[in-house]
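Everything below concerns the one structure shown next.
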Amino acid sequence: MNQPEEKDLFDKIKKGDEKAFEILFHKYYGILCLFATKIIKDDVAAEEIVQDLFVKLWEKKEQLFIETSLKNYLFRSVKNLCLNSIQHNKTKIRYAQMVLSEVESNISEDISFQEVDLFDKIEESINSLPEKRQEIFRLSRNDGLKYHEIAQKLNISIKTVETQMSLAIKTLRDKLKNYNSFFTFF
């Protein structure tokens, strides 16, 4: 299609001639989609860009003034829309990364606060145990001593150590029942 034919076709489109618009659409749609795909490397997005161009072209047909050829206008418009799409996608990715980073930061802060709260609650619960039971529990859990080593160190029977540990664990489970992760500790 030469430039005078394009000008005539566009003049008809400006006057609302749907048949002229249909001719333009069928002439350039496929090649514009291929052109857009080469730029943005996404067939679906390329088709959407070209479709949007034709919709805007029809909607603004009366206000449109094309100085160059219609073909050049269409290709330049598709190129600009593709570049805008690429820039928009980059912005969306940066924003998504920022949000993800913020969420991860908040999650780790929440976990840290929960851990501090849990450790405070554990320490408070251990401190509430009777003195001898507390001592036996700390020797087992903090110092890593075996029951027979605790019995020797405190000069008591292994059975007493077993009983006191059992009572300590039961008490702590009751006091810390709202902290499910703590139960793995025992």
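Every condition in (1) of a type outside the set (S, T, N, Q); (2) in contact (Cβ under 8 Å) with a residue 60 or more places away in the chain; (3) not in a helix (DSSP H, G or I) is met by K71 except one, and the failing one is (3). So for the range 50-65 (the condition being free of Cβ contacts under 8 Å to residues at least 24 places away in the same chain, closer than 21 Å to E18 by Cα and within 30 Å of the chain's Cα centre (by Cα)), does at least one residue qualify? Scanning the range 50-65, I find at least one residue that is free of Cβ contacts under 8 Å to residues at least 24 places away in the same chain, closer than 21 Å to E18 by Cα and within 30 Å of the chain's Cα centre (by Cα), so the answer is yes. Mind listing whichever residues of the range 123-140 are under 21 Å from N178 (Cβ atoms) and surrounded by fewer than 17 Cβ atoms within 10 Å (Cβ to Cβ)? Those that are under 21 Å from N178 (Cβ atoms) and surrounded by fewer than 17 Cβ atoms within 10 Å (Cβ to Cβ): E123, E124, N127, S128.
Where a number appears in this text, it was derived from the coordinates with a stated rule and is not lab data. Remember, it's a predicted structure, so these values are computed and weren't measured experimentally. In this analysis, Cβ positions are derived from the backbone assuming ideal geometry, glycine residues included, and neighbour counts consider all displayed protein chains.
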